[in-house]
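Undergrad: Supplied in structure tokens, the structure appears directly below.
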Amino acid sequence: MLIFSMLLALVLLGVVCGAPQGTVLGPLLFLIFFNDLCELDLDGALTGFADDAGAVFCGNDWAEAAQKASAGISYIKHWLNVHELTLNVDKTNYMTFSTSSVTIPAKSEIVVKMHENCTGNIQCNCIALNRAEYVRYLGVEIDQLLKWDRQTKYITSKVRRTYYYYVCEMCLEKTP
């Protein structure tokens with residue numbers, strides 16, 4: 001009943017798309033849409049937390065994985081367009097995972113594109129996603145070799161800064 005009242009109030013105010021910032025309805029509608037997004041039938045796994053989403057696509061070789069990833073991201077983009085939502089392409093990237101640097105393909109070997117209104121071939125002018133060597137997902141830095149070096153350096157840096165701050169504060173308190 002609360003949602004109906006809020007929707008009715010928004011219609012009376014003349015809001016035709018979205019929800020006014022600061023209302024309870026905005027986050028609620030976002031979660032309803034986002035939960036539906038995570039239920040899409042993809043040839044991979046789609047996970048989400050808060051407003052972050054991640055998709056994993058596997059294949060018998062890199063070309064198959066790239067083809068599945070292109071098809072999956074294109075399907076996600078289409079779903080978002082149908083529901084009048086946008087995807088920030090600048091923040092959308094992909095990463096290849098391997099336990100050995102020898103088996104990771106060169107950047108020119110793998111191209112993941114977001115196809116729209118085309119045949120889906122590699123020569124089309126659709127948007128190609130950026131390939132990342134590492135990503136930060138939910139506060140954890142993950143690199144393409146699945147090593148923890150970057151995450152360890154990041155945490156160590158934060159602990160050092162915090163420690164320095166508290167030591168300086170203690171020194172200032174003791175100084176007359």
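Undergrad: Could you pull the accessible area for Leu138 with a 1.4 Å probe, rounded to 10 Å²?
TA: Around 90 Å² of this residue is reachable by solvent.
Undergrad: Taking 35 Å as R0, compute the FRET efficiency from the Cβ-Cβ separation of Asp52 and Lys107 and round it to 0.05. List each step's numbers first, then the result.
TA: Numbers: r = 24 Å, r/R0 = 0.70.
That pair, Asp52 with Lys107, gives E of 0.90.
Undergrad: Could you order Trp79, Trp62, Trp148 so the one with the most accessible surface comes first? Probe is 1.4 Å.
TA: Details: Trp79 30, Trp62 80, Trp148 155 Å².
Largest accessible area first, the list is Trp148, Trp62, Trp79.
Undergrad: Keeping all protein chains in place and using 1.4 angstrom, which order do Tyr163, Tyr137 fall into by accessible surface area, from largest down?
TA: Tyr163, Tyr137
Undergrad: Right, here's the next one. Please list the radius of gyration and Dmax for region 33-176, considering alpha-carbon atoms only, with Å as the unit.
TA: 20.2, 75
Undergrad: Let me ask something else. Relative contact order for region 93-132: what percent, with Cα pairs under 8 Å and sequence separation of 6 or more?
TA: Averaging sequence separation for qualifying contacts and normalising by length gives 51 percent for region 93-132.
Undergrad: Once neighbouring chains are kept in place and the probe is 1.4 Å, which whole percent of the accessible area of region 60-113 is contributed by carbon and sulfur?
TA: Of all accessible area on region 60-113, carbon and sulfur atoms account for 53 percent.
Undergrad: Using the structure shown, list the pairs from Lys77/Lys153; Lys113/Lys153; Lys107/Lys147; Lys107/Lys153 with a Cα-Cα distance above 28 Å, or answer none.
TA: Result: Lys77/Lys153; Lys113/Lys153 exceed 28 Å.
Undergrad: Follow-up question, since we're still on this one. Based on the alpha carbon coordinates of region 41-102, what radius of gyration and maximum Cα-Cα distance (Dmax) apply, in Å?
TA: Answer for region 41-102, Rg first and Dmax second: 12.8, 42 Å.
Undergrad: Kindly sort Ser98, Ser157 by accessible area of their heavy atoms, largest first, with the probe set to 1.4 Å.
TA: Ser157, Ser98
Undergrad: Something else: On alpha-carbon atoms, Rg over Rh for region 89-141 using Kirkwood Rh? Please report the intermediate quantities before stating the final value.
TA: Details: Rg = 13.2 Å, Rh = 12.8 Å.
In region 89-141, Rg relative to Rh is 1.02.
Undergrad: Evaluate E = 1/(1 + (r/R0)^6) for Leu31 and Thr92, where r is the Cβ-Cβ distance and R0 equals 22 Å; express this FRET efficiency to the nearest 0.05.
TA: On the way: r = 20 Å, r/R0 = 0.93.
For Leu31 and Thr92, the calculated efficiency is 0.60.
The values are calculated or read from the model by the stated rules, or taken from the named source; none is laboratory data. Please read all numbers here as calculations on a predicted model, not as lab measurements. So basically every Cβ, Gly included, is an ideal-geometry build from the backbone, and we count neighbours across all protein chains shown. Protein only, heavy atoms only, side chains kept; ligands, DNA and RNA dropped before computing areas. Shrake-Rupley method; radii C 1.70, N 1.55, O 1.52, S 1.80 Å.
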